[in-house]
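Take a look at the structure set out below.
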Amino acid sequence: MKIGMIGTGNMGKILIEALLESKAISPADLLIQNRTLAKAIQIKEIYPAVTVLKTAKKVAQNADLIFLCVKPHDVFSVASDIAPYLSADKCVVSITSPINTEQLENAVSCSVARIIPSITNRALCGVALFSYGSNCTQEWKQALSTLFNNFSTPTEIADNITRVASDIVSCGPAFFSYLTQRFIDGAVEETEIDADTATKLASEMLIGLGQLLEKGYYTLPTLQEKVSVKGGVTGEGINVLEKNIGDTFNQLFQATQHKFEEDLQLVKNSLVIHKNI
Ligand SMILES: NC(=O)C1=CN([C@@H]2O[C@H](COP(=O)(O)OP(=O)(O)OC[C@H]3O[C@@H](n4cnc5c(N)ncnc54)[C@H](OP(=O)(O)O)[C@@H]3O)[C@@H](O)[C@H]2O)C=CC1
Ligand SMILES: O=C(O)[C@@H]1CCC=N1
């Protein structure tokens, strides 16, 4: 199977690295293209057997499975460029949350899916959120799930939880990096530890925490219970968190939902431009 990647920015590159480093596919089966071609050429310098194509049209003609790894406002322009070259047996995957599979199916006449990846897939772990188009064939559903299983936990989601699922899976790494950074900053400001040591200790702690959860030794509540010895220091710290976090995370999910509504409207506007309604 030939896989085409249109858009080799942040996420396109991460998917290429995950596909190749997990050995899900061979570099000879990968066709890549980007608006600024130099970005795709840089990837070929790392993986010489990858083919760089000059146009999205050529990717559509030569690949069986085509990933659209562009920003939401560019998806329909790329989809309408490639639509005439897609036979019914091909599959198009978009990776962005504000565009649903119905909108994709209206833009191209082949199997479609939306797969929202996560930066954690670069480490060949974490979740990829799957939504299949209503006309997506069983063969493509199986092929996509098998492909992503090499470097992620493919998880099918209902449309109504798209935003929150993506907040947790794809935005989550940024949120928890930010919180960890603030944790480190506090330690450096309040004690004699230096930033490098605090960063190293906090990073190792997070890796260990991930391993504990992966191995299933503890749930999140039992883990807190085990560490918070009665009358001990952890309890004092948890009290501070309880007093101050308040409804921060409610506000966070409200803010992302609000931004999502705006993004959905922008997508509708770009659909009008491409006359696909
Ligand atoms: N970042 C993340 O963690 C995640 C991102 N996503 C989604 O992935 C999508 C892409 O995000 P990201 O990779 O961060 O964005 P980037 O801006 O880094 O990448 C987008 C790429 O698309 C290219 N591009 C734009 N138009 C075209 C075109 N017509 N033909 C070919 N290439 C084109 C751009 O080229 P050029 O070099 O010319 O700008 C750029 O390299 C977003 O919709 C985002 O929501 C999903 C999950 C996680
Ligand atoms: O489309 C999305 O929801 C993702 C989450 C992180 C960036 N973009």
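Scanning the stretch 24-33 turns up no residue that is within 16 Å of Asn150 (Cβ to Cβ), at pLDDT 95 or above, of a type in the set (Val, Ile, Thr) and within 16 Å of ligand 2 (Cβ to nearest atom). Report whether or not Lys58 is charged (D, E, K, R) and closer than 19 Å to Cys91 by Cβ. In short, yes.
Annotation note: of Asp159, Asp167, the sole residue that is touching a residue at least 24 places away in the same chain (Cβ under 8 Å) and surrounded by 18 or more Cβ atoms within 10 Å (Cβ to Cβ) is Asp167. The residue that is nearest to ligand 1 (Cβ to nearest atom), counting only those in the stretch 1-18 that are of a type in the set (A, V, I, L, M) and more than 15 Å from Val59 (Cβ to Cβ), is Met11. Take the conditions (1) more than 22 Å from Thr146 (Cβ to Cβ); (2) buried (at least 16 other Cβ atoms within 10 Å of the Cβ); Leu20 misses just one of them, which is (1). A residue that is in contact (Cβ under 8 Å) with a residue 24 or more places away in the chain, surrounded by 12 or more Cβ atoms within 10 Å (Cβ to Cβ) and either in a helix (DSSP H, G or I) or away from ligand 2 (no atom under 16 Å from the Cβ) (or both) occurs nowhere in the stretch 224-244. Count of the stretch 85-111 residues, restricted to those that are within 16 Å of ligand 2 (Cβ to nearest atom) and not in a helix (DSSP H, G or I), is 8.
Taken over the stretch 48-74, the criterion of being in a loop (DSSP other than H, G, I, E, B), within 16 Å of ligand 2 (Cβ to nearest atom) and either out of contact with any helix residue (DSSP H, G or I) (no Cβ under 8 Å at 6 or more places or on another chain) or free of Cβ contacts under 8 Å to residues at least 60 places away in the same chain (or both) is satisfied by Lys71 alone. Within the stretch 131-166, restricting attention to residues that are under 30 Å from Gln251 (Cβ atoms), touching a Phe, Trp or Tyr at 6+ places or on another chain (Cβ under 9 Å) and part of a helix (DSSP H, G or I), the residue that is farthest from ligand 2 (Cβ to nearest atom) is Val164. Within the stretch 86-99, being buried (at least 17 other Cβ atoms within 10 Å of the Cβ) and not small (Gly, Ala, Ser) holds for Leu86, Lys90, Cys91, Val92, Val93, Ile95, Thr96, Pro98, Ile99.
Taken as a whole, the condition of being polar (S, T, N, Q), closer than 27 Å to Leu37 by Cβ and touching a helix residue (DSSP H, G or I) at 6+ places or on another chain (Cβ under 7 Å) does not apply to Thr120.
Taking the stretch 78-93 on its own, how many of its residues are near ligand 1 (Cβ under 8 Å from one of its atoms) and within 21 Å of Gln265 (Cα to Cα)?
Total meeting the criteria: 1.
Checked against the criterion of being among the basic types (Lys, Arg), buried (at least 16 other Cβ atoms within 10 Å of the Cβ), away from ligand 2 (no atom under 16 Å from the Cβ) and outside any loop (DSSP other than H, G, I, E, B), the candidates Lys13, Lys44 yield just one match: Lys44.
The values are calculated or read from the model by the stated rules, or taken from the named source; none is laboratory data. Predicted, not measured: the structure shown is a model, and the values here were computed from it. Cβ sites come from the backbone with ideal geometry, for glycine too, and all protein chains shown count toward neighbours.
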